[in-house]
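A.B. asks: This is the structure, below, for whatever I ask next.
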Amino acid sequence: MTNVDGFGHTRGDSLFIDDIPLLSGTLIGVPYPAPVAHAKIKTLNVSKAEKYPGVIKILTAKDIPGTNQIGGIFPDEPLFDNEAIHYRCQPLALVVAASEVEARNALDAIQIEYEELPAIVDPREAAQRNQLIMPPVTYECGDVHKVWSECDVIVEGRAETGGQEHLYLETQGAIAAPTEDGGLTITSSTQGPTVVQRATAQVLNLPMHKIEVVVHRLGGGFGGKEDQATSWAVMAALAAFNLKRPVKVVLHRIEDMRMTGKRHPYSSDYKMGLTKDGKILAYEVTFFQNAGAHADLSPAILGRTLFHANNTYCIPNLKATAYSCKTNLLSNTAFRGFGGPQGIFVVEAAIAHAAQKMNVSAAHIQKMNLLKEGDLFHYGQAAKDCTARRCWDLCESRYELTSARERVDHFNRSNFERKKGLAMMPICFGISFTKTQMNQASSLVHVYNDGSVSVTTAAIEMGQGVNTKLIEVVARILSISPKRVRVQTTSTNKIANTFPSAASAESDLNGNATALACHEIRARLLEAAAHLLGESDSTNLELQDEIFSSSSSGRRLTWGEVIESAHARRINLSAHAHYATPGIYFNLETKKGEPFAYHVYGAALIEVTLDCMRGTFKIDSVQVVHDFGASIDPIVDLGQAEGGLVQGLGWMTIEEVVFNDRGKLLADTFSAYKIPDMNFVPPVLDVHFLENSHNPVGVLGSKAVGEPPLLYGIGVFFALQEAIHAFRPGVRCMPYAPMTNERILLSLYGGS
Ligand code: LUZ
Ligand code: MOS
């Protein structure tokens, strides 16, 4: 089956927020950005700006009828702060005008007086001053301190990873329109309709039932719209509520880059102890997460960093501590991987360090320590149906690691100014929201009396293909053509109490709920067919390819005949089902439990060629064996795997979020912030689907796919590191990502 959005997207028929035809009288809102990164606000005066032509009103904290608060995990984020500025470009007011030009013209006329305070941008400095989002958290197993003395090799060091801009194609935005009874309908580009609904209800002091949040689709999310679509939607809603007119707020790209949070940069300290054979005995790591100004999702992201601190290795003694550090930067937020990649980078950096010191390949240490069936993660869950070794072994044999190694070594001996590097990158990612209660979803399936079917869930289509997968679920269980099935627009009126499309889990959760609803309808239709055929029950009936057939009488009925008859007999042709992932739990006190329904595994082999004169490089190949379970849709899954891994390659190399020391974002345009393009994509990009994998907990035996493949990108850093070492033996190339051309040159020629 082809992606249901394919035609619409390529023809330009798909509607995004900015394409939706406006009701007449719709006003435009533009947020007013704070001029500095940290200050006490003395006065904010909008009266002059409000007199500008076309301006209807400028909304500030004073216009909020309910609670001035949108914080998701902690209530630490006012919609419009009227006391302090915590980061540069923090929105302080919303200018509402008849046109966008008029709204923008008035921005400069807003007068603000403030007392500037020093800006803290470094997470370690914030931690030193005890500026923490919450107390530090430690996950551990075994006792690292007892075993250091037994280790033959110990490495210690610091590792850093930078931020990452989501660069979804569609910028943040929403349109809010008042309803006749004082409520609102909000069309939002959000991954979490209920998040928007709840925050709006709180800010406007309305019951949630008066607010409908509608989402057609997103032009990309990547986590950037899990929590951070909320403020724009609430601003539009606040204005529509005050002015009794529809209001649209859509950010320009530069505003989006300056005003919305990104992937969290981390600075980390590691210590790893191994036997002389390469067995990891102990690993101690401390993470300093740069949370930015507000909590946002940082505490949950910190949790996933701790869960994934071991990547795919069995480490008997592990101690991981994490600090969420409050700085005067944008509130960093969810980004594909959700803290997992940051944790995994550090353990890979420690292994690479140990390998250099022991003069063995990193692959030797990686392979020796891979998880196997039944091994315990440090949080107490056992590795089940663990395919880590199968993926590794197949990757090694299929892509001929041994001969690749020889070829690369030979290349490096016979070339001076160009060097190659090779890295294996095994991955492990836990599937389920780490907060157990979020792992639930529901689905509403209608069979119409013309035989067509509609399905509505909480799932948000954001390019990841969830709608295509939902159609496949319905079509397979009802045994009908996918052409009969339509996925309806997501709305909080139709499906309540939704959780965001996030954590790679939306196909599993909404797909499983849809499967339950379809099984109910299927059973009713089989009964109806039995009745029509004069059989006492449906035991001898089958439904296959839109035909009901009886194995006892051999008689057949079409899909249409049975629907018509069931409807005439007043049988319910709709079902609403709820699904909650079974068996998962996590004890927040002991930090033990089984938080994940299952894990996704895979392994990649990455080869690079470095130009040691220029500091430039080519990624020659990324070759992957990935466990997709029994893929529902291999084309959609392949797209997710390729997109994810290229996004990971970009994070590790060319994407650099740069702020100055006063908290000003310098990389706020496409010319200053480089993301992967077609030329960057490796010429050899092979993703092999692991054979004979069936995941009993996923939907129709599949495994979640959104986030895990991003982790393969981490391997490119260590492939480049190896190439640098080949040019300059003995140099210690610091594990500071991204490995930009400047950093490469400094490693090749700088003081060490
Ligand atoms: N969002 C969230 C996520 O709220 N909880 C999670 O565990 C998660 N994991 C990955 C991506 N988004
Ligand atoms: Mo996400 S990082 O799955 O919103």
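A.B. asks: So if each residue of separation counts as 0.36 nm, and I subtract the Cα-Cα distance between residue 40 and residue 104, what length gain in nm does that give?
C.D. replies: 20.6 nm
A.B. asks: Which pairs break 24 Å Cα to Cα here: 326/664; 279/319; 674/703; 384/435; 618/674?
C.D. replies: Result: 674/703 exceed 24 Å.
A.B. asks: Further question: Rounded to two decimals, what is the ratio between the C-alpha radius of gyration of the range 371-529 and 2.2 N^0.38 Å?
C.D. replies: 1.53
A.B. asks: Give me the aspartates and glutamates in straight-line cross-link reach of residue 48: C-alpha distance below 19 Å, same-chain residues under 8 apart excluded.
C.D. replies: 63, 100, 102, 108, 113
A.B. asks: Relative contact order (percent) for the range 218-313, with alpha-carbon contacts under 8 angstrom and 6 or more residues of separation?
C.D. replies: RCO, the range 218-313: 19 percent.
A.B. asks: Please list, by residue number, every one of the trypsin sites (Lys or Arg not before Pro) in the range 561-635 that is coil in DSSP and has at most 15 other beta-carbon atoms within 10 Å.
C.D. replies: Counting only loop positions with at most 15 other Cβ atoms within 10 Å, the trypsin sites (Lys or Arg not before Pro) in the range 561-635 are 569, 570, 614.
A.B. asks: Also: For residue 481 and residue 520, what is the calculated FRET efficiency with R₀ set at 25 Å and r taken between the beta-carbons, to the nearest 0.05?
C.D. replies: Efficiency for this residue pair is about 0.75.
A.B. asks: Let me know the shape class of the chain, please: from the alpha-carbon gyration tensor, a ≥ b ≥ c as square roots of the eigenvalues, rounded when a/c is under 1.5, otherwise prolate if a/b is greater than b/c, or oblate.
C.D. replies: oblate
A.B. asks: Given an 8 Å cut-off on Cα distances and at least 6 residues of separation, report the relative contact order of the chain as a percent.
C.D. replies: In percent, rounded to a whole number, it is 15.
A.B. asks: While we're looking at this one, here's another question. Residue 592's amide H: which non-local residues (gap 5+, or another chain) put their own amide H closer than 5 Å, with H modeled 1.01 Å from N in plane and none for Pro or chain starts?
C.D. replies: Residues meeting the criterion, in which the H sits 1.01 Å from N, are 587.
A.B. asks: Under 5 Å between amide hydrogens, which residues at least 5 positions from residue 360 or on another chain qualify, with H placed 1.01 Å from N in the peptide plane?
C.D. replies: When sequence neighbours closer than 5 places are left aside, there are no close amide H contacts.
A.B. asks: While we're here: Using the Karplus equation 6.51 cos²θ - 1.76 cosθ + 1.60 (θ = phi - 60°), what ³J(HN,Hα) coupling, rounded to whole Hz, does each residue of the range 431-437 give in order, writing x for Gly and Pro?
C.D. replies: After applying 6.51 cos²θ - 1.76 cosθ + 1.60, I find 9, 2, 4, 5, 8, 3, 4 Hz.
A.B. asks: Hey, what do the phi angles of the range 2-15 turn into as Karplus ³J(HN,Hα) couplings, whole Hz, using 6.51/-1.76/1.60 and θ = phi - 60°, x for Gly and Pro?
C.D. replies: Per-residue couplings from phi come out as 8, 4, 5, 8, x, 5, x, 5, 6, 8, x, 7, 5, 9 Hz.
A.B. asks: Filter the DSSP H helices in the chain by two things, a Kyte-Doolittle mean of at least -0.5 and an axial alpha-carbon span of 30 angstrom or more, and list the hits by number.
C.D. replies: 506-532
A.B. asks: For the chain, which span is the longest to avoid every loop-located (per DSSP) member of GluC sites (Glu not before Pro) having at most 12 other Cβ atoms inside 10 Å?
C.D. replies: 181-372
A.B. asks: Mind listing which chymotrypsin sites (Phe, Trp or Tyr not before Pro) in the range 161-239 are in a DSSP loop and have 10 or fewer other Cβ atoms within 10 Å?
C.D. replies: The qualifying sites: there are none.
A.B. asks: In addition: Each residue of the range 160-177 in order: what ³J(HN,Hα) in whole Hz does its phi give by Karplus 6.51 cos²θ - 1.76 cosθ + 1.60, θ = phi - 60°, with x for Gly and Pro?
C.D. replies: Result, rounded to whole Hz: 9, 10, x, x, 7, 7, 5, 6, 4, 5, 8, 6, 5, x, 7, 10, 10, 10.
A.B. asks: Collect residues whose amide H, placed 1.01 Å from N in the peptide plane, falls under 5 Å from the amide H of residue 620; neighbours closer than 5 in sequence don't count.
C.D. replies: Result for residue 620 returns 607, 608, 609.
A.B. asks: To continue, here is another question. Add +1 for every Lys or Arg and -1 for every Asp or Glu among the other residues with Cβ under 13 Å from the Cβ of residue 727, and state the total.
C.D. replies: Counting the neighbours of residue 727, the net charge comes to +3.
A.B. asks: Work out the charge dipole of the chain with +1 on the Cβ of Lys and Arg and -1 on the Cβ of Asp and Glu about the Cα centre, then indicate which of 189, 702, 748 is farthest towards its positive end.
C.D. replies: Among 189, 702, 748, the one farthest towards the positive end of the dipole of the chain is 748.
A.B. asks: Right, another one. Sort 389, 129 so the one with the fewest other Cβ atoms within 10 Å of its own Cβ comes first.
C.D. replies: In order of increasing Cβ crowding within 10 Å: 129, 389.
A.B. asks: Another one. Could you tell me whether the range 1-128 comes out rounded, prolate or oblate from its Cα gyration tensor? Rule is a ≥ b ≥ c as square roots of the eigenvalues, rounded for a/c under 1.5, then prolate if a/b exceeds b/c, otherwise oblate.
C.D. replies: oblate
A.B. asks: Over all distinct Cα pairs, what is the inverse of the mean 1/r for the range 401-472, reported as the Kirkwood hydrodynamic radius in Å?
C.D. replies: 18.0
A.B. asks: Residue 565 to residue 147: extension gain in nm, 0.36 nm per residue of separation minus the Cα-Cα distance?
C.D. replies: Taking 0.36 nm per residue and subtracting the Cα distance, the gain is 143.2 nm.
A.B. asks: Just in the range 658-752: which trypsin sites (Lys or Arg not before Pro) are loop by DSSP and have at most 15 other Cβ atoms within 10 Å?
C.D. replies: 662, 732
A.B. asks: If you don't mind, there's one more thing I want to ask. Of 411, 717, how do they rank once you tally other Cβ atoms within 10 Å and put the fewest first?
C.D. replies: 411, 717
A.B. asks: Continuing with the same structure: Where does the chain land at 222 nm, in deg cm²/dmol rounded to the nearest 500, when only DSSP H runs of n ≥ 4 count, each adding -39500 (n - 2.57), divided by all residues?
C.D. replies: -8500 deg cm²/dmol
Rule-based calculations on the coordinates, nothing more; no lab input. Source: prediction; values computed, not measured. All Cβ positions, even for glycine, are placed from backbone atoms using ideal geometry, and neighbour counts span all protein chains on display.
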